[in-house]
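Below you'll find the structure, written out as structure tokens, and then a few comments.
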Amino acid sequence: MNKLDAELSLGLLQEEGYKTVDTVEGADVILINTCSVRQHAEDKVYSHLGALKALKKKHPEVIVGVLGCMAQKDGESIFKRMPHVDLVCGTRMFSRLPELLLNIKNHGSHVLAIDEDHIVNVKRAVTYRPNFYQAFVTVIRGCDNFCSYCIVPYVRGREISRTIPDITQEVQALVSGGCKEITLLGQNINTYGKGLSGDITLGDLLSALNDLDGLERIRFVTSHPADMSRDLIRTMSRLEKVCKHLHMPAQSGSDRILSSMKRGYTAGYYRDLIAYARELMPHMSVASDFIVGFPGETDEDFRETVQLMEDIRFQNCFIFKYSPRTGTKAAELEDDVADEVKRARNMRLLELQKGISLEENRKMIGRMVEVLAEGTSKSDSNKLTGRTRQNHIVVFNGSRELVGKLVNVLIYEATDLTLHGTLA
Ligand code: 5AD
Ligand code: SF4
């Protein structure tokens, strides 16, 4: 979502005549889009901002702005801590960036725009996407779940869904511009439709988009197990353009911790959901997020997380050390798992997942897969890289003219992160 918001902000500014530059020193405006999901992300932003102090002293006319979740959360206090910052623009106000920048130019610094009632409505400049063949599309903003550790509902506000005609129109425009694959975005995408008139669900949106000529692949993130319906799983299995890949964070394998996290499901419920989905879609891949070291997490709780990871055999996982976020319910609990224990548990899960990913990827050797060619491979500029429908990364031989095309590739080698293949 942050990547897309940055892209949309850039599009708006380019429409106004702004151009991107390659170095900070060459810029008239420096905007940092921020995340506040963990302390580490915030520390990085403050360190970047600190580094801009000298430049701002030398060139006071340069505008420095902070956008996104951290701007929404810290608001005015950013000016106190970093007086050389000119603009603090929250998660719902970036559509007004051109006018905010003009305001600073004409009336001076310290503009605060963190209005919570503003509804994001950005007219998308389709021409400014980084890739013509692939696009993110926000379908629901905000989150009403209030998992006890999470700051997102506080900084991104209540859930607001866009209508199906609005989304279809945007996707149609993207497809006309050559887009083949879209990824629908929502912090909690399974509740898409809540609040819209008529009983609209994510399944209805997927069905509508599946009918668009020229569109080849549809992905959606992020799924919440408690809001993931069996009906949606059936719809997903039925629609040929919907990629058989789920990013559905489990967060923990311990029912005690899941309850304290206020996730609204048990590990058993999660297992049953995946079993049902795999029954309908045998080759479906699943990715997850896990938090280690949540308050009160014992060795036994952690063992249950290890067990869940071993049983489900995820394609890949993002693993995070718990970071207390002021204002959340969990921040009232003692952060009682020592950092070295968090680190050790993090390492253990990373190692375990690496082994599983390698074993699962090796099963792909000898198979023919459909790949959307995305560009030249970072590790070998003579080769291309792309993704399968199940979201495997594939490196294969091929020339640049294939970028943006769907090609068949025969897999001959696999690591834990990458499949290697030859163009069929
Ligand atoms: N500490 C650590 N990880 C967190 N996440 C969300 N909040 C926190 C927190 N306070 C993780 C969750 C979520 C992902 C985006 O970030 O795993 O799925
Ligand atoms: Fe945060 Fe996701 Fe829970 Fe919403 S569903 S509160 S975004 S972890």
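The values are calculated or read from the model by the stated rules, or taken from the named source; none is laboratory data. In this text, all values refer to a predicted model and were calculated from it rather than measured experimentally. Backbone-built Cβ (ideal geometry, glycine too); neighbour counts: all protein chains shown. Protein only, heavy atoms only, side chains kept; ligands, DNA and RNA dropped before computing areas. Shrake-Rupley method; radii C 1.70, N 1.55, O 1.52, S 1.80 Å.
The table for this structure:
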quantity	calculated
Global size of region 368-423 as Cα Rg and Dmax, reported in angstrom	9.6, 28
Distance between modelled label sites at Tyr276 and Glu25, nm, 7 Å Cα→Cβ extension	5.9 nm
Cα→Cβ-extended label distance, 7 Å offset, between Val306 and Phe132, nm	5.1 nm
Using a Förster distance of 41 Å, the FRET efficiency for Phe318-Glu16 (Cβ separation, nearest 0.05)	0.70
Extended-chain gain in nm, criterion 0.36 nm per residue less alpha-carbon gap, Ala338 and Asn408	20.4 nm
Net charge, Ser109 excluded, C-beta distance under 15 Å - Lys, Arg +1, Asp, Glu -1	+2
Theoretical gain in end-to-end length, Leu417 to Lys80 [0.36 nm per residue, Cα-Cα removed]	117.0 nm
Carbon + sulfur, % of accessible area of the chain - ligands and nucleic acids excluded, 1.4 Å	52 percent
In region 322-424, GluC sites (Glu not before Pro) in a DSSP loop with at most 12 other beta-carbon atoms within 10 Å	Glu334
Charge dipole (debye, nearest 20) of region 2-113; +1 at Cβ of Lys and Arg, -1 at Cβ of Asp and Glu	380 debye
15 Å cut-off, amide nitrogen to a point 7 angstrom out along Phe146 Cα→Cβ, residues in region 221-260	260
Choice from Ala51, Ala344, Ala208 showing the highest fluctuation, given a GNM over the chain with Cα pairs closer than 10 Å	Ala51
Rh (Kirkwood; distinct C-alpha pairs) - region 2-113, Å	14.0 Å
Positive minus negative residues near Val371 (Lys, Arg vs Asp, Glu; Cβ under 13 Å)	+3
Proximal aspartates and glutamates relative to Lys321, as straight alpha-carbon distance under 16 Å, when same-chain residues fewer than 8 apart are discounted	Glu42, Asp43, Asp289, Glu297, Asp299, Asp301, Glu334, Asp335, Asp336, Asp339, Glu340, Glu351
Residue pairs, from the table Lys3/Lys244; Lys244/Lys354; Lys262/Lys354; Lys19/Lys378; Lys194/Lys405, whose Cα atoms sit over 32 Å apart	Lys194/Lys405
Å² per residue, accessible surface of region 2-113 at 1.4 Å	51 Å²
Separation in nanometres of the label points that stand 7 Å from Cα toward Cβ, at Glu351 and Thr298	2.4 nm
Point-charge dipole on Cβ atoms (K/R +1, D/E -1) for the chain, about Cα centre, debye to 20	580 debye
Share antiparallel - DSSP beta bridges, the chain, percent rounded to 5	35 percent
Rounded D (µm²/s) - the chain, Kirkwood Rh over Cα pairs, Stokes-Einstein at 37 °C, 0.692 mPa s	142 µm²/s
Candidate aspartates and glutamates for bridging to Lys383, where Cα separation is under 18 Å - those fewer than 8 sequence places away on the same chain excluded	Glu370, Glu374, Glu401, Glu413
Net length gained if the chain between Lys262 and Ser109 were fully extended (0.36 nm per residue, minus Cα distance)	50.9 nm
Partnerless cysteines, meaning none of the other Cys C-beta atoms lie under 4.7 Å away, in the chain	Cys35, Cys69, Cys89, Cys143, Cys179, Cys243, Cys317
Label zone at Arg367, where the point sits 7 Å out along the Cα-to-Cβ direction: region 292-327 residues whose backbone N lies under 13 Å	315
